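This report refers to the structure that appears directly beneath it.
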Amino acid sequence: MEGKRSGSQQHCDLLRKIREFTRAIVEELSNGRSPTILIDRFRNYCTNPNANCCCSYDLSYGKEILTFRRESHVHRLDILLRVLLIVQQLLQESRHGSKRDIYYMHPCIFSEQSVVDQAINDICILMQCSRHNLNVVSVGNGLVMGWIRFLEGGRKFDCINCPNMAHPVPVQVEEVKDIVSVARFILIVEKESVFQRLANDQFCNANRCIVITGRGYPDIPTRRFLRLLIEKLCLPAYCLVDCDPYGFDILTTYRFGSLQMAYDAKYLRCPEVRWLGAFPSDSEKYCLPQQCLLPLTGKDKRKTESMLNRCYLQRDVPKWRSELELMLQRGVKFEIEALSVYSLSVLTKEYIPSKIKGGVHI
């Protein structure tokens, strides 16, 4: 009951903020003045690799000024107010909608999904809340399996009875409760193909763990669910990604958050996550044949060079940065599945268990 009361109170507070915000705009326009809207800007990193920056997850680094006087701002403000009206309706009716639902309410005006996404982020910053507080939900892509049982909105998810069966990650993470687990660790894998390999090899049975995948770049429910599990269960969390720039970027999204959602990074990031692999140095350690190593493309190299400039790498995880430099220096990449070149079971029977037991993670 307490959770329901606080959730209801939160909706009331948000609705009050929305009314005050729109009333202030109407009053300014009625008095012949052009309203000015200030939107805080956040970032979860800067490009000072010397690690002597002052980046903060809690403080904005500046403000963006939107005004009806500038023609280029008028359309953006129109979209923001239209999306705000839809959010108000969702809150008043205690309903949920996806970003895609909102787009299709005015497709001719919104023109593309990205402008709706920007409006939702702006509203979160203006209202000082997270996206799920607006009753705007993501379509979940994540999967979970292993030694865990929990309730979501009264519905029971019992993975323990069949630890190697995939279940969807809950979308409304705030409704997850009564989490029970006897797992020893959490393993995050980048791709569904690797997740299925672990399931086929009965990895959770053999290692008594929880396995999660975001099936590529993780969505918000997957990141929130992972953070909840780490906080509630106090388990070590390891991440396994492809040895390429995009795998590394996915790894940093789990640990440090994304730039697009930097305003909410303190609620989405999981600083406890450790990098299990695949490391560039693994190609020699595990004697991968040359055919498994792919040359970095020009785009790969530019992305890697850009990531090397992120301040948090040198400040918080200098060993990650060293491995990324090694990838660029060698000029090659490889997929996790390449480790199975000699045997399908190498990944589940040797590579992952030996790294966890031997502490070979950074």
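The values are calculated or read from the model by the stated rules, or taken from the named source; none is laboratory data. Owing to the predicted nature of the structure, the values given are computational and were not obtained by experimental measurement. So basically every Cβ, Gly included, is an ideal-geometry build from the backbone, and we count neighbours across all protein chains shown. Each accessible area value is taken on the protein alone, full model and side chains, heavy atoms only, with ligands, DNA and RNA left out. Shrake-Rupley method; radii C 1.70, N 1.55, O 1.52, S 1.80 Å.
Values for this structure:
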{"read-out": "Among (1) 33; (2) 17; (3) 23, the entry that matches percent of Cα pairs over 39 Å apart as calculated here", "value": "(3)"}
{"read-out": "Solvent-accessible area, 1.4 Å probe, carbon plus sulfur percent, for region 274-313", "value": "51"}
{"read-out": "Net lengthening on full extension, Cys234/Lys299 (0.36 nm per residue, minus Cα-Cα)", "value": "19.6 nm"}
{"read-out": "The chain: calculated mean residue ellipticity at 222 nm from DSSP helix runs of at least 4, using -39500 (n - 2.57)", "value": "-13000 deg cm²/dmol"}
{"read-out": "Under 19 Å from the Cα of Lys177 - aspartates and glutamates, other chains or at least 8 residues apart", "value": "Glu2, Glu152, Asp158, Glu231"}
{"read-out": "Gain on full stretching of the segment that runs from Lys319 to Ser111 - 0.36 nm per residue minus C-alpha separation", "value": "70.5 nm"}
{"read-out": "Nearest-0.05 FRET efficiency for Ser306 and Arg76, computed from C-beta distance (R0 30 Å)", "value": "0.65"}
{"read-out": "Helix 245-256 vs. the chain, principal-axis angle (Cα, 0 to 90°, nearest 10)", "value": "60"}
{"read-out": "Three-way shape label, region 237-292, alpha-carbon gyration tensor, a/c 1.5", "value": "prolate"}
{"read-out": "Top of Leu276, Leu81, Leu240 by mean-square fluctuation, Gaussian network on the chain, Cα under 10 Å", "value": "Leu81"}
{"read-out": "Rough spin-label spacing in nm, given labels placed 7 Å along Cα→Cβ, for Gln202 and Leu15", "value": "5.4"}
{"read-out": "For peptides 32-42, 192-202, sequence by mean Cβ density within 10 Å, most packed first", "value": "192-202, 32-42"}
{"read-out": "Value of relative contact order over region 276-359, rounded to a whole percent, pairs C-alpha under 8 Å and six or more apart", "value": "42"}
{"read-out": "Degrees separating the helix 71-92 axis from the principal Cα axis of the chain, which is the longest one", "value": "80"}
{"read-out": "Surface per residue (accessible, 1.4 Å probe) for the chain, Å²", "value": "48"}
{"read-out": "19 Å Cα-Cα threshold exceeded, pairs from Lys191/Lys333; Lys99/Lys191; Lys333/Lys357; Lys191/Lys299; Lys285/Lys355", "value": "Lys99/Lys191; Lys333/Lys357; Lys191/Lys299"}
{"read-out": "Shape category assigned to region 192-333 from the gyration tensor of Cα positions, a/c cut at 1.5", "value": "oblate"}
